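Everything below concerns the one structure shown next.
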Amino acid sequence: MGLHKEALRGWVRQAEADTGERDDRLTTAEREELRQLCETLKAASAFFAAEVERPRTRPTR
């Protein structure tokens, strides 16, 4: 197959995590949720960084 044994081992471990046989790894669903949370955090950080750097003006009366 030309497949490195560590690649196969990683796939087996991930499949075991996904089926609940292992609890020392994140499942594929958990990894995806974590990726989405990181993207949300990155977007929120960029938004608030832009808010902090924007000059503030006082409302005129």
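What are the residues in the range 14-61 that are within 11 Å of the chain's Cα centre (by Cα) and charged (D, E, K, R), if any?
E30, R31, E32, E33, R35, E39, K42
For the range 8-39, give me the residue count where each residue is hydroxyl-bearing (S, T, Y) and surrounded by 11 or more Cβ atoms within 10 Å (Cβ to Cβ). Show your work before the answer.
Quick first cut of the range 8-39, residues hydroxyl-bearing (S, T, Y) only: 19, 27-28.
Within this subset, residues satisfying the condition of being surrounded by 11 or more Cβ atoms within 10 Å (Cβ to Cβ) are 27-28.
Final tally of qualifying residues: 2.
The numbers here are math on the coordinates, done by the rules we state, and not lab data. Treat the numbers as computed from the prediction; the structure is a model and nothing was measured. With ideal geometry, Cβ positions are generated from the backbone for all residues, glycine too; neighbour counts draw on all protein chains shown.
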